[in-house]
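Working notes, structure below.
Just so it is clear, none of the values below were taken in a lab; they were calculated from the coordinates. Values in this document were obtained by computation on a predicted structure and should not be read as measured data. Backbone-built Cβ (ideal geometry, glycine too); neighbour counts: all protein chains shown.
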Amino acid sequence: MQQQLPFKRTDRVGQQIKSILGDIVLKHISLNHIGFITFTSVDVSKDLRNAKVFYSILNPKIKIELIEHEMNKLRKAFRKYLGLQLNTKYTPELKFYIDDSHKFTKKIDKLFKEIDSKDK
């Protein structure tokens with residue numbers, strides 16, 4: 001019987017990439033012209049060559065539609081610094097996406113509060 005590790009390798013690499021990206025923002029790449037960016041999750045492909053990076057933004061300084069474009073313009077710089085710290089055979093290609101899950105969470109919370117207030 002094969003014993004499974006607690007996490008898949010792609011999950012572990014994704015967590016490591018998320019941590020490294022946070023360090024890169026602090027030390028090398030300034031995102032102050034966009035707003036306060038927080039990386040929420042990273043999905044890495046099975047071959048570890050591609051990664052989808054999800055982020056949330058507080059106090060955006062430019063339009064939301066332009067933020068994803070601005071983040072993807074910085075992909076090469078992020079990949080350069082990522083390659084210096086990530087110990088894998090290939091440095092994944094990064095693609096940035098806005099994480100909209102907080103909007104859905106707020107909407108669901110609002111619906112639960114409405115249901116709760118109707119019950120009382």
Query - Beta bridge orientation in the chain: antiparallel %, DSSP, nearest 5 - result: 55 percent
Query raised in the report: If you plug each phi of segment 90-98 into the Karplus form 6.51 cos²θ - 1.76 cosθ + 1.60 with θ = phi - 60°, what whole-Hz ³J(HN,Hα) values come out, in order, with x for Gly and Pro?
Result: 10, 8, x, 6, 9, 9, 9, 9, 6
Query - In range of the label at Leu66: residues from segment 21-35 whose backbone nitrogen is under 17 Å from the point 7 Å along Cα→Cβ - result: 31-35
Query raised in the report: At 222 nm, what helix-only mean residue ellipticity would the chain give, in deg cm²/dmol to the nearest 500, using -39500 (n - 2.57) for each DSSP H run of four or more?
Result: -16000 deg cm²/dmol
**Report entry** Under Karplus coefficients 6.51, -1.76 and 1.60, residue-wise ³J(HN,Hα) of segment 41-50 in Hz, glycine/proline x
**Finding:** 7, 9, 9, 10, 5, 4, 8, 6, 9, 10
**Report entry** Relative contact order for segment 16-87, counting Cα pairs under 8 Å that sit 6 or more residues apart, in percent
**Finding:** 36 percent
Query raised in the report: Between the helical axis of 75-85 and the dominant principal axis of the chain, each derived from Cα atoms, what acute angle in degrees is found, rounded to the nearest 10?
Result: 60 degrees
Query raised in the report: Taking the Cα atoms only, what angle lies between the long axis of helix 9-27 and the longest principal axis of the chain, rounded to 10 degrees?
Result: 90 degrees
Report task. Would you please give the residues with an amide H less than 5 Å from that of Thr40, counting only those at least 5 places away or on a separate chain, with H modeled from the backbone geometry? Result -> Phe54, Tyr55, Ser56
Requested in this report: Among Asp47, Asp11, Asp109, determine the one that fluctuates most according to a GNM of the chain built with springs between C-alpha atoms less than 10 Å apart.
Outcome: Asp109
Query - P(r), alpha carbons of the chain - 10 Å bins starting at zero, rounded % - result: 12, 38, 26, 15, 8, 2
Requested in this report: Would you grab the residues whose amide H sits under 5 Å from the one on Gly35? Only those 5+ places off in sequence or on another chain, please, with H modelled 1.01 Å from N.
Outcome: Lys61
Report summary line: Here the relative contact order (percent) of the chain, from C-alpha pairs under 8 Å and at least 6 apart, is 25 percent
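Among the listed pairs Lys46/Lys103; Lys52/Lys89; Lys8/Lys106; Lys18/Lys89; Lys46/Lys95, which are separated by more than 21 Å between their Cα atoms?
Numbers: Lys46/Lys103 29 Å; Lys52/Lys89 18 Å; Lys8/Lys106 30 Å; Lys18/Lys89 18 Å; Lys46/Lys95 16 Å.
Check vs 21 Å cut-off fails for Lys46/Lys103; Lys8/Lys106.
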